[in-house]
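Below is one structure, written out as structure tokens; comments come after it.
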Amino acid sequence: MREILLYRGCTTPVRLPAYELATMNVLKELGVKAIPMKDVTCCGAQFVESLSPDAFAVIGGRILALAEDEEMDILTLCGACSGSLKITKHNLDNDPGLRRKVNDTLAEEGLKYTGKTRVLHLLQILAQEIGYDEIERHIVRPYNGLKIAAHYGCHVTRPFEIVQVDDPENPTIIDRLAEIAGAEAVDYPGKTRCCGGPMLAMDTTVATKIGQEKIFNVGLVGANVILTACEFCDLQLTQCQFDEAIKPSKRIPVMPITQFLGAAMGIDEERLGFEMNRISPDSVLEALQEGR
Amino acid sequence: MTEKVHVPTSSFAEELAAIPGGEVVNKCIQCGICTASCAVARYTDEYRPRQLIQKILLGEREEVLKSRLPWLCMTCRLCEERCQEGVSPAEVFHAVRILAAREGYVPPEFRRVMDSLLNNGWLLADSYTDFEEEEREDMGLDPDLGWNDKFLKRIKDLLPIAEGEK
Ligand code: SF4
Ligand code: SF4
């Protein structure tokens with residue numbers, strides 16, 4: 001079985017462990033073993049990134065060097081982690097001076113960055129490494145009559161020159177994966193807009209309004225579920241619905257793409273962590289058909 | 001040659017241009033597409049990326065460096081995708097933050113997060129209680145997350161924030 005190192009990031013293991021669980025189990029079914037990385041630090045996104053380019057480079061450089069040491073690629077679940085590690089890799093690969101500085105610091109731990117390790121976001125593993133055909137072969141209980149709205153996550157797809165995941169203005173990976181699983185993917189206004197998550201650090205009221213605009217737009221086109229590929233987006237798009245502006249009966253289930261795919265692949269619900277979803281996924285799971 | 005639209009009162013834009021990402025600021029033609037595509041601008045009264053870039057071009061150095069506004073950018077890069085002139089407001093404000101941090105202007109929200117990050121090596125150490133550990137165990141996930149809490153302390157001199165109380 002192919003192996004890849006899973007860089008879990010700070011948020012997923014604490015606030016959305018179901019994403020970690022579902023991803024590991026879905027990938028295993030698809031022939032990829034994801035091994036959680038240990039002895040790592042936060043990737044530095046947003047906070048260290050905003051304060052010091054040198055600190056940011058050395059923090060990301062260390063994570064990449066640890067993976068090089070294991071001779072494995074890195075899988076990320078979070079848009080921010082994915083973005084920071086890819087940007088750091090890009091900077092280190094293109095700036096020999098920066099790489100020298102980083103390696104001086106890493107040498108104290110016997111580590112070295114050379115650029116061998118690739119950083120792949122979950123959507124890349126699914127669409128490019130495993131491939132749509134292979135995933136389709138594993139769908140045993142396709143959804144029937146279900147409309148999905150894909151939310152890609154800004155840092156997953158932008159800037160394209162560096163992250164190389166999907167067309168940033170017209171991304172399609174989540175939509176295609178959902179269609180393979182039998183659902184109908186619908187477009188909605190503001191599909192490529194931000195969930196508001198990064199604003200939580202500075203102003204939660206504004207963050208909530210930005211998230212709710214998305215929920216409103218998704219509701220307009222009648223989607224039954226929002227599919228995500230980043231725990232930050234997932235948590236934010238869920239959280240913003242627990243607010244008096246949205247009636248409990250109007251809440252739209254939100255779930256990571258791997259939970260959604262896993263169910264259609266016939267993986268047990270508890271191995272996908274569904275009991276942890278804050279907005280009940282029942283209406284989505286009821287659309288699964290038996291056998292194919 | 002294009003006509004010079006801005007008459008700067010300081011060399012602020014040049015200073016920013018020396019920071020990676022900041023060099024594009026001079027290409028801005030003040031069309032306002034960034035503000036029109038920005039979600040933060042839609043829900044706040046004060047945040048307007050075009051206007052903030054104008055202040056930079058006009059050389060309002062102190063005002064911009066001390067302002068909270070550059071820290072409100074979500075770096076969602078939608079504006080960058082849309083800007084016809086190849087300017088990335090996200091990158092420009094990132095360069096502003098780095099310069100501001102060097103001079104000690106870091107919003108308290110960022111400062112607090114940085115303190116915890118330096119101590120623990122990751123962001124959610126304080127939220128990871130027995131409850132979450134048990135939850136992970138019940139799901140069959142390893143409760144030991146194995147974060148490294150030493151490395152960030154070792155490199156903290158690289159961070160302007162670590163220098164002193166401001
Ligand atoms: S940054 Fe780009 S989009 Fe914004 S005002 Fe300047 S030229 Fe227009
Ligand atoms: S990157 Fe910043 S300025 Fe640009 S649209 Fe997003 S939040 Fe607004």
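The values are calculated or read from the model by the stated rules, or taken from the named source; none is laboratory data. Please read all numbers here as calculations on a predicted model, not as lab measurements. Using ideal geometry, Cβ is built from the backbone for each residue, glycine included, and neighbour counts are taken over all protein chains shown. Accessible surface is based on the protein model in full, side chains and every heavy atom, while ligands, DNA and RNA are left aside. Shrake-Rupley method; radii C 1.70, N 1.55, O 1.52, S 1.80 Å.
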Close pairs (6 angstrom Cβ cut-off, 6 or more residues apart or separate chains): in contact (Cβ under 8 Å) with a residue 24 or more places away in the chain in the stretch A:120-133, part of a helix (DSSP H, G or I) and crowded, with 21+ Cβ neighbours inside 10 Å anywhere: A:121/A:82; A:121/A:156; A:123/A:173; A:127/A:173
Of all residues in the stretch B:7-47, how many are basic (Lys, Arg) and within 14 Å of chain A (Cβ to nearest Cβ)? 1
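If we keep just the residues of the stretch B:1-32 that are within 15 Å of ligand 2 (Cβ to nearest atom) and surrounded by fewer than 19 Cβ atoms within 10 Å (Cβ to Cβ), which is modelled with the lowest pLDDT?
Only one residue tops the list, namely B:21.
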Do you know which of the residues in the stretch A:264-278 that are of a type in the set (Gly, Ala, Ser) and over 20 Å from residue A:238 (Cα atoms) is farthest from the other protein chains (Cβ to nearest Cβ)? A:264
Do we find a residue being open to solvent by less than 10 Å² (accessible area, probe 1.4 Å), part of a helix (DSSP H, G or I) and within 11 Å of chain B (Cβ to nearest Cβ) anywhere in the stretch A:66-76? no
Between a first residue in the stretch B:119-144 that is within 14 Å of residue A:18 (Cβ to Cβ) and a second residue that is open to solvent by less than 40 Å² (accessible area, probe 1.4 Å) and among the small types (Gly, Ala, Ser), which pairs have beta carbons less than 8 Å apart while being 6 or more apart in sequence or on different chains? B:139/A:18; B:139/A:273
Of all residues in the stretch B:49-92 being within 10 Å of ligand 1 (Cβ to nearest atom), open to solvent by 20 Å² or more (accessible area, probe 1.4 Å) and more than 14 Å from every other protein chain (Cβ to nearest Cβ), the one that is farthest from residue A:204 (Cα to Cα): B:85
Please determine whether any residue of the stretch A:44-54 is over 23 Å from residue B:70 (Cα atoms) and of a type in the set (A, V, I, L, M, F, W, C). no
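Return yes or no: is residue A:154 touching a residue at least 60 places away in the same chain (Cβ under 8 Å), more than 16 Å from ligand 1 (Cβ to nearest atom) and within 11 Å of another protein chain (Cβ to nearest Cβ)?
Numbers: touching a residue at least 60 places away in the same chain (Cβ under 8 Å): yes; more than 16 Å from ligand 1 (Cβ to nearest atom): yes; within 11 Å of another protein chain (Cβ to nearest Cβ): yes.
In short, yes.
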Search the stretch B:24-45 for residues that are on the phi > 0 side of the Ramachandran plot and pair each with any residue that is open to solvent by 60 Å² or more (accessible area, probe 1.4 Å) and modelled with pLDDT of 95 or more when their beta-carbon atoms are under 7 Å apart and the residues are at least 6 apart or on different chains. B:30/B:50; B:30/B:54; B:32/B:50
Condition met for residue B:147 (open to solvent by less than 70 Å² (accessible area, probe 1.4 Å), closer than 23 Å to residue A:84 by Cβ, assigned to a loop (DSSP other than H, G, I, E, B) and touching a residue at least 12 places away in the same chain (Cβ under 8 Å)): yes
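Within the group A:112, A:209, A:214, which residue is in the same structural domain as residue A:94 (by TED's automatic domain parsing), over 16 Å from the mean Cα position of the chain (by Cα) and touching a residue at least 12 places away in the same chain (Cβ under 8 Å)?
A:112
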Filter the stretch A:1-38 down to the residues that are of a type in the set (A, V, I, L, M, F, W, C), touching a helix residue (DSSP H, G or I) at 6+ places or on another chain (Cβ under 8 Å) and facing chain B (nearest Cβ under 9 Å) and list them by number. A:14, A:18, A:21, A:37
Just to be sure before I move on: is residue A:150 at negative phi, touching an Asp or Glu at 6+ places or on another chain (Cβ under 6 Å) and among the small types (Gly, Ala, Ser) in the structure I sent? yes
In the set B:96, B:106, the lone residue that is facing chain A (nearest Cβ under 10 Å), open to solvent by less than 40 Å² (accessible area, probe 1.4 Å) and over 9 Å from the mean Cα position of the chain (by Cα) is B:106
For residue A:54, the lone unmet condition from (1) surrounded by fewer than 24 Cβ atoms within 10 Å (Cβ to Cβ); (2) within 20 Å of residue A:254 (Cα to Cα) is (2)
How do the helices (runs of 4 or more DSSP H) wholly within the stretch A:179-292 filter down when requiring 2 or more residues that are closer than 19 Å to residue B:43 by Cβ and open to solvent by 10 Å² or more (accessible area, probe 1.4 Å): which remain? A:204-220, A:231-239
